[in-house]
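Notes to accompany the following structure.
Nothing in this text is a laboratory measurement; each read-out follows from the coordinates by a stated rule. These figures come from a predicted structure and were not determined experimentally.
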Amino acid sequence: MAVQVELFGQLAAGAPRTRTLVLDQPMTVQEIAQHLGLAPEQIGLIVINGVQCEMDEVVPADCRLCFFPPVSGG
């Protein structure tokens, strides 16, 4: 099972922006974030195949998983 992961903003600092993870078993978004060394407070938005999701969702096979940092606006 392959998952294409993209990191945006400061999440990509010092790490490859895009990488493909090959998983032996299904994992949640939170498990993948931990595997990548991302702390929950660093993550503002998570998107799987263009749809916003939560940390407890199971990541489907052959998808695109994107992590975005928190943003502020006004």
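Taking the chain as a Gaussian network, Cα atoms linked when under 10 Å apart, which of Ala61, Ala15, Ala33 shows the biggest mean-square fluctuation?
Among Ala61, Ala15, Ala33, the largest mean-square fluctuation in the Gaussian network model of the chain belongs to Ala15.
Can you tell me the relative contact order of the chain? Whole percent, Cα pairs under 8 Å, sequence separation 6 or more.
It comes to 42 percent, rounded to a whole number.
P(r) for the range 2-68, please, calculated from all Cα pair distances in 10 Å bins and given in %.
21, 64, 15
Roughly what % antiparallel, to the nearest 5, for the DSSP beta bridges in the chain?
Here the share of antiparallel DSSP bridges comes out near 70 percent.
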